[in-house]
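Below: the structure, in structure tokens.
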Amino acid sequence: MKHAQATEINIQLVQEPERVSLTVQDNGKGFNMNDIDVNKSSGLRNIRSRIDSLGGHFSIDSEVGQGAEMTIEFGVKPL
């Protein structure tokens, strides 16, 4: 919230039989996705690395003035 200058944040956790997903949305200033190199940003790179090591998927969507949405998803393996 600090860097995004957001005043609101929405966190959604969904558990289904075959997957678990976490979505975080904010109403901050957003950013141009073309200006961000996810592989060079140490914070985003660390997040992606940890999610990848657990077999998950990480995505970011943002536009200037429209806030940002980040989604983390894991497939659930049956016991």
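Net charge in the neighbourhood of M33 (other residues with Cβ under 9 Å of its Cβ; Lys, Arg +1, Asp, Glu -1) is -3.
Projecting the Cα atoms of I51, F31, M70 onto the charge dipole of the chain, computed from C-beta unit charges around the Cα centre, puts I51 farthest toward the positive end. When only Cα pairs below 8 angstrom with a gap of at least 6 residues are kept, the chain shows a relative contact order of 35 percent.
So for each of 68-75, 24-31, 42-49, 9-16 I average, over its residues, the number of other beta carbons within 10 Å; can you give me the resulting order with the highest mean first? Please report the intermediate quantities before stating the final value.
Numbers: 68-75: 15.6, 24-31: 17.5, 42-49: 12.5, 9-16: 10.1.
The densest-packed peptide leads the list: 24-31, 68-75, 42-49, 9-16.
Computing semi-axes √(5λ) of the Cα gyration tensor in Å directly from the structure and comparing it against (1) 28, 20, 8; (2) 23, 13, 10; (3) 25, 16, 9 singles out (3).
Taking the Cα centre of region 9-75 as origin and assigning +1 to Lys and Arg Cβ atoms and -1 to Asp and Glu Cβ atoms, the resulting dipole is close to 280 debye. Summing Lys and Arg as +1 and Asp and Glu as -1 over all other residues whose Cβ lies under 11 Å from the Cβ of A68 gives a net charge of -3. Treating the angle as unsigned and between 0 and 90°, give the value, to the nearest 10°, between the Cα long axis of helix 42-53 and the longest Cα principal axis of the chain. Roughly 10 degrees between the two axes.
Throughout, read-outs are computed from the coordinates displayed, never taken from laboratory work. All figures in this text were calculated on a predicted structure; none of them were measured in a lab. FYI the Cβ positions are ideal-geometry reconstructions off the backbone, even for glycines, and counts take in every protein chain you see.
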